[in-house]
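**Q** Structure in structure tokens, see below.
What follows draws every value from the coordinates through simple rules; no lab data is involved. Predicted model, so just to flag it, every value in this text is computed and none were measured. Note that each Cβ is placed from the backbone with ideal geometry, even for glycine, and that neighbours are counted across all protein chains shown.
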Amino acid sequence: MKHRRVVVFLSVVIIIVVAAYIGVSLYLINDLSSKNDILKQEKQGLDLKVKQLEDVIASMPTTTKKPVTPSKDLDNIDLHEKELEYAMRNFVNYQQYIPNFCPLADFILTKPYLPKKNHYGIDLAGKVGEPVYAAASGVVESVEFDDDIYGKILVLDHLNGFKTRYGHNSHINVKVGSFVRKGEQIAEVGNTGISSAPHLHFEILYHNKNIDPESKIK
């Protein structure tokens with residue numbers, strides 16, 4: 001008797017579980033079907049919007065549909081960079097011809113620029129034989145070995161209105177017409193001409209007018 005009751009009870013439980021499973025499955029199927037209908041409607045709406053956008057694009061002027069090309073501003077930037085590079089090269093090259101390189105590596109300034117006392121350069125004391133360097137690139141304009149005042153003296157023309165003079169040398173290393181570069185040795189310190197001690201008399205001229213060399217080589 002008890003065995004039969006247990007069997008009946010289990011059968012009822014199984015029927016309830018199966019019924020519940022079937023009910024849940026049907027609910028899920030209906031829910032998925034409903035969501036699928038919603039997704040279909042949303043897709044239709046998106047398709048409609050895409051079609052509207054395509055119609056708008058098609059109605060736009062043809063000039064707006066041309067392929068996008070790099071902006072002319074990029075070309076202008078590239079051009080400006082090339083111009084700047086060219087200007088920098090020219091500036092560096094220009095600086096090579098400005099007499100702002102000190103002609104002696106080690107010296108004592110013994111006499112400044114005093115045009116009122118007819119001293120149109122500066123005197124740089126040094127040792128006999130010390131190198132004298134070109135203050136800028138240029139061409140050797142003249143060389144004299146027995147000037148009454150400056151003894152062995154040479155003049156460089158820097159081809160831009162500037163000229164430099166180097167006097168009282170003991171030896172001159174360059175010849176007239178030769179090209180020298182800024183910082184190149186052109187002579188040796190001496191005590192020639194009217195000089196009481198070894199030194200270099202150094203002048204800078206601009207368009208044949210003397211200027212204070214200290215304003216350039218400092």
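**Q** List the residue pairs whose Cβ atoms are under 8 Å apart, where the first residue sits in region 145-167 and is on the phi > 0 side of the Ramachandran plot, the second is in a strand (DSSP E or B), and the two are 6 or more positions apart or on different chains.
**A** Gly151/Phe145; Gly151/Gly167; Gly151/His168; Gly151/Asn169; Gly151/Gly190; Leu159/Gly138; Leu159/Val139; Gly161/Tyr206
**Q** Continuing with the same structure: Check Leu205, Leu200 and return the single one that is closer than 16 Å to Leu104 by Cβ and in contact (Cβ under 8 Å) with a residue 12 or more places away in the chain.
**A** On the way: Leu205 fails: closer than 16 Å to Leu104 by Cβ.
Unique residue meeting the criteria: Leu200.
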